[in-house]
1. Determine the pairs where a residue that is free of Cβ contacts under 8 Å to residues at least 24 places away in the same chain, located within segment B:523-545, has a partner that is assigned to a helix (DSSP H, G or I) with Cβ atoms under 7 Å apart, the partner being 6 or more residues away or on another chain.
2. Quick check on residue B:524: is it part of a helix (DSSP H, G or I), under 20 Å from the mean Cα position of the chain (by Cα) and more than 14 Å from chain A (Cβ to nearest Cβ)?
3. So residue B:251 fits all but one of (1) within 14 Å of chain A (Cβ to nearest Cβ); (2) in a strand (DSSP E or B); what number is the exception?
4. Of (1) part of a loop (DSSP other than H, G, I, E, B); (2) closer than 22 Å to residue B:171 by Cα, residue A:222 satisfies all except one. Which?
5. Sort out which residues of segment A:222-252 are within 23 Å of residue A:122 (Cα to Cα) and over 18 Å from the mean Cα position of the chain (by Cα), and write them in order of number.
6. Of everything in segment A:200-221, what is more than 20 Å from residue A:126 (Cβ to Cβ) and surrounded by 14 or more Cβ atoms within 10 Å (Cβ to Cβ)? Give them in sequence order.
7. Would you be able to say whether some residue in segment B:170-181 is surrounded by 24 or more Cβ atoms within 10 Å (Cβ to Cβ) and at positive phi?
């Protein structure tokens with residue numbers, strides 16, 4: 001355990017609500033130690049603000065171990081901050097230099113309206129899933145689990161895509177605010193396994209249509225999404241989604 | 001003594017069907033009353049929570065044609081904390097041909113729970129476990145596979161067979177996304193109406209039946225009324241009463257506790273699971289602890305130095321100077337003993353002065369032998385994401401240096417008392433998954449939480465709810481303009497008003513931390529009479545302080561995390577005392593409840609089946625320090641009560 005404490009200057013986006021205007025506000029946070037997570041550093045700040053009767057900075061988080069997808073901050077211009085393959089909650093303060101200035105902003109995309117300060121509304125993601133991100137299978141009608149073999153490689157590939165936590169970093173990082181990586185991850189998960197085949201065409205058509213309707217931009221191969229994805233989901237999933245979309249469009 | 005236990009006079013009827021244990025569920029289904037398909041859409045079912053239990057129940061009831069209203073505190077149903085479960089899900093498939101069966105899973109679960117669970121519920125759980133795997137595989141859940149395409153299995157604590165199905169170290173995530181997919185399909189089809197960012201703050205009981213809920217919109221602060229013909233509570237456990245736990249920071253007991261205060265009995269609150277393999281606490285700033293999956297104990301070996309206070313680097317301590325204490329004390333199960341036993345053994349090693357690391361509150365979990373045997377790649381394939389997580393948090397590479405681990409609050413076996421139908425003592429109010437008490441007794445086995453959540457939601461409630469509605473609840477017209485709704489809404493608004501107006505100088509977080517320390521120190525891995533009395537006293541004092549010196553910043557009508565937390569901490573301050581009282585009342589040791597006064601010479605838990613073979617179902621009396629005790633006596637007709645041995 002380190003006893004060294006650090007101090008940081010923070011520039012944090014404050015915005016009272018979706019329609020209010022926002023701005024970066026300066027704060028100083030002291031007594032930070034290197035083992036703290038980034039969110040625990042913000043907890044310290046919020047306790048200090050609350051003690052002074054000031055309104056704490058609103059940010060959202062839940063599991064604080066990188067799996068629920070709730071947290072998400074743009075730290076010095078990078079979604080989820082300086083470490084690759086990590087969510088905001090996984091960043092430790094040892095990755096920053098004492099005394100430096102850190103800018104903290106919410107995900108910025110018109111399809112993710114700001115709720116308050118650093119919290120955004122990502123329900124558009126839910127609507128994309130609702131339009132087809134599943135295998136339609138009523139409870140009770142399943143055959144024995146081993147009746148449909150799935151090759152080890154296919155299961156592995158499918159799992160790589162299924163690991164998407166729906167945090168929205170891909171959208172925040174994309175210059176077009178595209179949610180192609182999010183959508184493609186789900187399309188790919190099912191495209192690789194037999195259970196996903198019966199609805200394969202309809203799934204990709206519906207999900208892409210919903211994606212566009214929600215106002216997310218198109219993909220122009222910048223690859224920024226892949227770079228910030230905390231689960232390192234590959235943009236090969238987007239290539240697969242495009243192929244599937246083309247084939248499905250021709251067939252329909 | 002500052003608290004008083006009164007005896008309640010309710011006769012608890014578990015409603016377990018007659019017949020041999022392996023036919024009860026079949027007979028129940030044969031005899032259950034049914035709701036005509038055309039009538040199902042006339043029923044509105046309120047489901048609170050969207051974890052494995054809540055989303056599987058919402059999906060399944062939606063598929064059946066019920067009108068479902070689903071509520072969660074998060075922005076999306078996919079965030080519920082089931083998502084964080086790592087290791088796996090048990091099922092009695094016997095795909096490995098290694099001697100598993102429904103009976104064996106049943107027996108292991110009853111024994112693992114130290115003979116404090118209800119036999120019939122556990123047998124039903126074991127029976128439907130096989131259907132769960134079928135269902136999830138059909139949904140496209142990417143379970144681990146063998147080269148031939150069949151499902152892979154691994155072993156978990158408390159079992160001598162390989163019956164655990166998994167998706168890397170993210171099984172909960174994948175099962176939840178499977179259920180969330182089915183749930184989303186029902187939202188799309190209009191059978192499920194989804195309300196995100198809603199916190200249930202009260203239950204509406206009309207004419208003795210659960211008929212609705214009061215929620216707060218966490219974004220706008222609006223207080224809302226929702227009516228239904230039945231309410232299903234799927235809101236998880238109360239492990240964050242310890243403040244530091246492996247649960248998510250928003251996990252809370254509020255919905256269950258408010259139901260308790262409306263008349264639902266709360267059973268066995270002292271049965272809490274302290275998970276043996278978590279990353280040790282690094283400092284006072286810490287907001288949560290991170291679990292390292294139990295599956296690691298398949299290949300990791302737990303040890304401490306044989307010499308007290310040995311400060312050498314672990315890699316410099318030769319094998320003969322290490323004490324692999326689990327292998328030494330429990331040769332039959334070795335590192336795979338159940339969680340309660342592994343946790344207590346780690347505590348004992350540290351209490352006796354053998355702890356390692358900077359705080360000396362840690363033991364080693366070492367993969368050296370496994371890496372030598374299997375190669376680093378094979379170990380990476382099995383546990384890669386867990387090793388990465390460990391390194392991310394501690395800055396140490398577990399491929400090279402043994403992990404340091406220590407027990408932490410993880411799961412709660414206690415919860416709302418339910419009968420065989422999963423119905424609480426309030427007609428119409430059902431509790432599913434971790435928020436009920438029924439299946440795990442005094443200790444849950446690894447990979448059984450996911451099994452229970454999905455069992456309740458996919459395969460149990462569709463039958464028992466139909467039976468309730470068809471026998472006891474007409475599909476009458478819904479209204480929120482009743483006296484009960486007016487009263488419940490008023491009480492919620494007054495509660496919020498009260499929290500906002502104290503105007504003291506301490507944050508909700510301060511009280512939560514203080515409460516956590518009391519509960520951890522006195523109602524944690526080891527309890528004794530003096531400590532439990534002290535805990536109750538200290539919690540009472542803290543509760544008083546809370547209501548005098550709390551300060552909630554911000555306004556009611558906005559996104560206000562401090563207000564959310566203040567309400568939850570207020571409830572934890574009452575629950576915490578009930579945990580202490582329950583632990584005080586139970587003068588025996590069993591599973592996760594270890595009373596120091598009651599142990600064998602070898603330091604194992606000593607049950608008292610003569611006097612304590614019951615579920616303690618606590619009734620709210622209006623005063624948190626004077627709860628009423630009602631007992632459901634547990635009868636074991638199929639399993640012989642024995643001292644649990646893993647030696």
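1. B:531/B:522; B:534/B:522; B:538/B:518
2. no
3. Of everything listed in (1) within 14 Å of chain A (Cβ to nearest Cβ); (2) in a strand (DSSP E or B), residue B:251 misses just condition (2).
4. Failing condition for residue A:222: (2).
5. Keep residues of segment A:222-252 that are within 23 Å of residue A:122 (Cα to Cα), which gives A:222-235, A:237-238, A:241.
Listed by number, the list holds a single entry, A:241.
6. If the condition is that a residue be more than 20 Å from residue A:126 (Cβ to Cβ) and surrounded by 14 or more Cβ atoms within 10 Å (Cβ to Cβ), then A:200, A:201, A:219 are the ones that fit.
7. Within segment B:170-181, the subset surrounded by 24 or more Cβ atoms within 10 Å (Cβ to Cβ) is B:170-181.
Now narrow it down to the ones that are at positive phi: none.
No, every residue in segment B:170-181 fails to be surrounded by 24 or more Cβ atoms within 10 Å (Cβ to Cβ) and at positive phi.
Residues checked against (1) under 17 Å from the mean Cα position of the chain (by Cα); (2) closer than 24 Å to residue A:135 by Cβ:
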position: B:38; (1), (2): no, no
position: B:52; (1), (2): yes, yes
position: B:64; (1), (2): no, yes
position: B:79; (1), (2): yes, yes
position: B:105; (1), (2): no, no
position: B:109; (1), (2): yes, no
position: B:123; (1), (2): no, no
position: B:132; (1), (2): no, yes
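The values are calculated or read from the model by the stated rules, or taken from the named source; none is laboratory data. Just so it is clear, the model here is predicted, and its values are computed rather than measured. Backbone-built Cβ (ideal geometry, glycine too); neighbour counts: all protein chains shown.
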